[in-house]
């Protein structure tokens with residue numbers, strides 16, 4: 001693998017598309033940047049202001065530099081879990097290692113970007129993130145496929161460790177192609193008084209996505225929040241969900257989903273909260289809109305209580321846009337298309353993601369642009 005260089009190695013067209021998925025090319029606006037194009041890391045750089053507070057390396061480089069990192073690899077995700085994990089275990093092109101140092105507070109988000117520009121490529125990556133004790137950071141990871149590449153696949157393993165007292169906010173934005181096959185496999189371990197927030201945004205067509213990230217709240221007063229904003233269209237198949245296992249005393253889990261399916265797309269929204277401590281709480285919420293008779297949406301909430309005293313709840317609703325709302329907006333001199341677009345934007349409210357104001361505005365632009373294009 002050649003030495004990572006800079007963003008000038010990215011073809012202009014795909015760089016512009018990556019910007020639409022949240023890639024920030026101005027270094028001053030990011031604490032660090034990592035870019036993996038096809039099968040090669042081409043950028044891995046830490047902003048000078050954050051030297052000594054965080055580290056960002058290609059995973060293969062990191063494994064050679066730190067032998068102890070093997071203790072974190074394939075510990076949360078089983079390499080024999082399925083055919084996709086086995087493929088990555090057998091042969092992978094790289095991925096990122098992110099480490100936020102003890103007590104560090106990262107004001108600007110870290111960013112990583114997985115790009116595909118080659119036809120029929122099966123991209124295989126393995127990522128490891130360690131948020132050390134009492135650290136605080138936000139990560140944006142964008143997954144983008146060149147619009148001239150009709151078909152490809154992405155297999156991604158991510159293992160995340162949130163140490164005692166740390167806060168990690170992780171936002172993933174998928175901008176794949178209409179014939180892309182996507183199989184992320186991720187898991188997170190959360191220690192005492194630590195919080196992990198996972199945000200997932202998918203507003204573009206994708207052929208087939210199946211993901212079910214897991215969080216293990218092992219620590220006392222550990223907390224996990226899963227949020228997702230998903231738009232299924234053009235015959236996409238989206239099988240999405242999240243799992244939280246609450247074993248720590250006072251551990252908590254929250255799951256919130258907003259989903260829209262149309263144009264023949266099929267969507268399954270799963271959620272599982274497994275309460276295994278008498279002092280744990282969890283809540284699962286899913287709201288969906290279905291636009292036509294050729295689309296499909298299924299919500300599958302699961303609650304498991306293994307101890308007396310567990311408090312876990314769920315609510316789910318799937319419906320349609322109210323004609324009364326559309327009619328009302330049309331009386332305000334909006335066309336039907338404009339009225340529907342406005343309702344969609346309100347439904348896909350990015351405020352559920354709990355992001356800082358600046359980052360919230362960035363994600364809102366992505367959602368609004370996709371909603372406005374309909």
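The values are calculated or read from the model by the stated rules, or taken from the named source; none is laboratory data. All values reported here derive from a predicted model rather than from experimental measurement. Backbone-built Cβ (ideal geometry, glycine too); neighbour counts: all protein chains shown.
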Identify all residues within segment 87-137 that are more than 22 Å from residue 181 (Cβ to Cβ), at pLDDT below 90 and crowded, with 21+ Cβ neighbours inside 10 Å; write none if there are none.
109, 110, 111
Only one of 339, 370 that is crowded, with 16+ Cβ neighbours inside 10 Å, closer than 22 Å to residue 295 by Cα and at pLDDT below 85
370
Residue pairs qualifying under the 7 Å Cβ cut-off, at least six apart or on distinct chains, with the first in segment 147-165 being outside the structural domain of residue 206 (by TED's automatic domain parsing) and the second being surrounded by fewer than 19 Cβ atoms within 10 Å (Cβ to Cβ), are none
Residue pairs qualifying under the 7 Å Cβ cut-off, at least six apart or on distinct chains, with the first in segment 305-334 being assigned to a helix (DSSP H, G or I) and the second being modelled with pLDDT of 90 or more, are none
Is it the case, given these coordinates, that residue 88 is in contact (Cβ under 8 Å) with a residue 60 or more places away in the chain, under 25 Å from residue 37 (Cβ atoms) and either out of contact with any strand residue (DSSP E or B) (no Cβ under 7 Å at 6 or more places or on another chain) or assigned to a loop (DSSP other than H, G, I, E, B) (or both)?
no
If a residue has to be outside any loop (DSSP other than H, G, I, E, B) and within 26 Å of residue 210 (Cβ to Cβ) to count, how many in segment 129-167 make the cut?
20
A careful count of residues in segment 245-294 that are more than 17 Å from residue 353 (Cβ to Cβ) and in a strand (DSSP E or B) gives 19
Candidates 257, 251, 236, filtered to the one that is surrounded by 23 or more Cβ atoms within 10 Å (Cβ to Cβ), out of contact with any strand residue (DSSP E or B) (no Cβ under 6 Å at 6 or more places or on another chain) and either at pLDDT below 95 or over 29 Å from residue 151 (Cα atoms) (or both):
236
Taking residue 308 and the conditions (1) at pLDDT 90 or above; (2) touching a strand residue (DSSP E or B) at 6+ places or on another chain (Cβ under 6 Å), which numbered condition does it fall short on, given that it satisfies the others?
(2)
Of the candidates 231, 216, the one satisfying the condition of being in contact (Cβ under 8 Å) with a residue 60 or more places away in the chain and either on the phi > 0 side of the Ramachandran plot or in contact with a helix residue (DSSP H, G or I) (Cβ under 7 Å, 6 or more places away or on another chain) (or both) is 231
Every residue from segment 190-215 that is part of a strand (DSSP E or B) and surrounded by fewer than 22 Cβ atoms within 10 Å (Cβ to Cβ):
195, 197, 200, 208, 210, 211, 214
What number of residues within segment 170-183 are in a strand (DSSP E or B) and surrounded by fewer than 22 Cβ atoms within 10 Å (Cβ to Cβ)?
3
Quick count over segment 109-127, residues being more than 14 Å from residue 88 (Cα to Cα) and in a strand (DSSP E or B), is 7
Condition first: in contact (Cβ under 8 Å) with a residue 12 or more places away in the chain and out of contact with any strand residue (DSSP E or B) (no Cβ under 9 Å at 6 or more places or on another chain). Can you find one or more residues in segment 190-197 that meet it?
yes
